[in-house]
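Contents: one structure, followed by commentary.
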Amino acid sequence: GELAAVNQFLRVHQSAPGGSRSLADALAVAPGYELAVAAALDGRLGAALVDDRESANRVLERAGREGGRVLLAADREAAATPADASPAPGTNGSGDRQGNAGSPPAGGAERLAEHVAGEHAAAALARRLLSDVWVVDELESVPDDFPGLAVTRRGRVFSPALRELRQAASVGEERVLAERNRREQLVADSERAVQAEHAARHGLDERTREAAQRDGARDAAVAAHREAVHRRDEAAEEERRLAAAIERRRAAPDEGSASARRAQVEAELSGLRASIQRAERERGQRAQQIERLQALVARDAELGPLIAGMIDELGQLAEAIAARRAEFAEALSADRQAGEHLAAELRDCAQQEAAVQTRLLTAGESLTSLQVRAERAQDQVTEVRAALAKLASELQLEDAPAEEPIEPSERDELDARLERLIRRREQLGPVNPLADQEYAEAVAHVEELERQRADLETALRELQKLVRETDHQIQETFEQTFAAAASNFEELVAQLFPGGSGRLRLTREREAPAPVLGGAADGDEQDGAADGQPPEDGGATDQLEQDDTDLLGVEIELTPSGKATRQLTLLSGGEKSMTALAFLFAVFLARPCPFYILDEVEAALDDLNIDRFLELLERNASRAQFIVVTHQKRTMDAADMLYGVAMGDDGISKVVSRRLPAREAA
């Protein structure tokens, strides 16, 4: 896993301008001298390595506004100076004298160029650049008149000629050299581990064979023991039989040849005694083997209480977890009751609001009805006046009342004229009897439209008011949340990028021209003033509508240690991951959630950044629950609960969980 992480870093690393190959990619530095080389070269490790000036100009043109640095590896000096040739003492590699730079500045000092190797041209170039650089243990021993450069392995550089003392960043351009050396070391360690594994497997096979042989020998010994016990029992029985025969012989000594019989019995008795002694020796050996086996059984029995103790501890831990879960359940129940109480209050407020809206709607309908009746009366007066004027015009009379009654002759003339008009009307044909009804229906339809228009205008004003209030609340909430997230982002960037800084910045993009005075917003205010109602939100409407014409966005800026300010699109994969984590946790601290699911967010991170990520999780674990999908062993080791998904033989996924002990208990 470490070797894969190193290879991933070396693949994605590209610090040279214009995507060219850097000096660090062509050098090999002795372990322990990487930081010293990076400090002495002062930024040249990341420079592009080309053959001529024309190529260097093309590289710088591709770099564009970002700029960069280019080193010429195959120039005339490189061709004239062999790569293995060290510069003459007292020179800087180009022939210029450097006073007594060829002599060490202090005891124990060594030339830094001797620890640099690599490709022919790159190594020669690096040795020329490091010709007057010496590695010392302490800078205090360097005299003030030393004309060269003195550097320590920790990356501190002292130039007496320039009166300059500087310190290189611990995680900078030397990282490529260190990771390459680390890769070689890991490859060597892997090879040794493979050899050790083969040797261990061979030894395991040997031990397995020896154990099998010893098991066979033990079985043979047990069988021999049983056989010896059987022979001993037979010998004892034979001894008792012979003893009985001896007793019988003593009781009757005259039977047979006594001397011959006695000699025969003594010989048999001697043989039996020798057999008994052999059986006793074999019995002692079997007893020793039995004692060893009993000792092994007793040792296994002693492990029983330890296992029982571990089981008791696990039971106590389960009880503690159950108590903690009960506390969480009580807290959750209390929060749920508080939420239900708040929901009941909100429902009561909603009912009261609905009642108020109903009363307002009823009052509006009454006002609209009165206005319609007034308009209808006014229309009737207007119609009567118009009919009177029309009739007066047709009769060629004034519509004003007469001061004196008309004469009989004039009345007769009017009657005759009226009769002619009646005849003319009869000649026109029948009159539509439904005209009055149709007129009434048209008037009713107009009244209904007037009522609907009044309702719509009232609802529109209320909706506009609600929209303005909602926009204002959204703007305030967003500003508060953005301010908190921006502050948290700066703190988290300082933690995840030591020595670096970052910030969140709002950006605006104009979508439509801003409204001018006298526009729609001013017209609404004037309508409200005409109705006798003052504007409800004052000058806030103009500001809100001004904001509505802009598209708000958030831009992330990051300044890593020792680098220029970069936008998110210009960062590397690991830097993007760390920046995304900083932004995520900044929003989390501003608006926390119960739990978060992180899917391989540390896949592009190295060991150092994984440690920072785990510290961030541990620091915020008391505020929320984090579910992390990962393949990193360090992240798995830091988890409180580990879940593994495996595919069974039946093609069904199975989840295996393992509860890890708390880090405090560990």
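The values are calculated or read from the model by the stated rules, or taken from the named source; none is laboratory data. Because the structure is a prediction, the values reported are computed rather than measured. In this analysis, Cβ positions are derived from the backbone assuming ideal geometry, glycine residues included, and neighbour counts consider all displayed protein chains. Side chains are part of the model used for accessible areas, which takes the heavy atoms of the whole protein and leaves out ligands, DNA and RNA. Shrake-Rupley method; radii C 1.70, N 1.55, O 1.52, S 1.80 Å.
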Using alpha carbon centroids, what distance separates region 616-651 and region 560-599, in Å?
20
Any chance you could list the semi-axes, whole Å, largest first, of the equivalent ellipsoid that the Cα gyration tensor gives for region 276-335, using √(5λ)?
58, 5, 4
Heavy-atom accessible area of residue 368 with all protein chains present, probe 1.4 Å, nearest 10 Å²?
20
Once the Cα atoms of region 355-413 are picked out, what are the Rg and Dmax in Å?
21.7, 71
Mind listing P(r) for region 406-468? All alpha-carbon pairs, 10 Å bins, whole percents.
17, 18, 17, 17, 13, 10, 7, 1
Using a 1.4 angstrom probe on the protein heavy atoms only, line up 554, 297 by accessible area, largest first.
297, 554
Skipping prolines and chain starts, which residues have an amide H placed within reach, meaning under 5 Å, of the one on residue 48, given they are 5 or more residues away or on another chain?
69, 70, 71
Quick one: P(r) of region 342-493 from all Cα-Cα pairs, 5 Å bins, percents rounded to integers, in order of increasing distance.
2, 6, 7, 9, 10, 9, 8, 7, 7, 6, 5, 5, 4, 4, 3, 3, 2, 2, 1, 1, 1, 0, 0
Per DSSP, the loop-located GluC sites (Glu not before Pro) within region 579-622 having at most 11 other beta carbons within 10 Å are none
Packing-wise, with mean Cβ within 10 Å as the measure, how do 403-411, 224-232, 327-335 rank, highest first?
224-232, 327-335, 403-411
